[in-house]
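Readers should treat all values here as calculations from the given coordinates under stated rules, not as data from a laboratory. Since this is a predicted model, take the numbers as computed values, not measurements. So basically every Cβ, Gly included, is an ideal-geometry build from the backbone, and we count neighbours across all protein chains shown.
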Amino acid sequence: MKEAIILLNNHLRDVFEKSTTWFIILLLVQLITIWLVIYIYLDIENSNYHYYMNTKTSLEGIHHVKIDSFDGKIEKELTTEEQLLRKHNRKWHLKYLFK
């Protein structure tokens, strides 16, 4: 058993020594890709938010009502449970995690 572990350790060390640069390159490419996906997501989310808010402001001015910015319905009095749910959803939204 001891010899098998030593052989496995030696084999893994040889594999890592031969391909360390490839592992580093792949890791860097994956990190850059993840960063790019998050950046694009946040950028799209931000642009959608501004578009919706500009439309919301115009509609409020035309129709003289208040529109809820969370779901686009006419604003109403929220229960405590709905307020806590919105606060929790906002806290874990990807847009706010990385800001």
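For an R0 of 30 angstrom, estimate the FRET efficiency from the Cβ-Cβ distance between E60 and W35 and round to the nearest 0.05.
Efficiency, from the Cβ-Cβ distance: 0.20.
Within the range 1-43, name every residue whose backbone N is under 20 Å away from a label modeled 7 Å from Cα of L97 along the Cβ vector.
Under cut-off, by backbone N: 30-43.
Take H88 and E17, extend 7 Å from each Cα along the Cα→Cβ direction, and tell me the distance between the two endpoints in nm.
So the label points at H88 and E17 sit 5.4 nm apart.
Using amide H atoms built in the peptide plane, which far-off residues or other-chain residues are under 5 Å from D68 H to H?
K73, I74, E75
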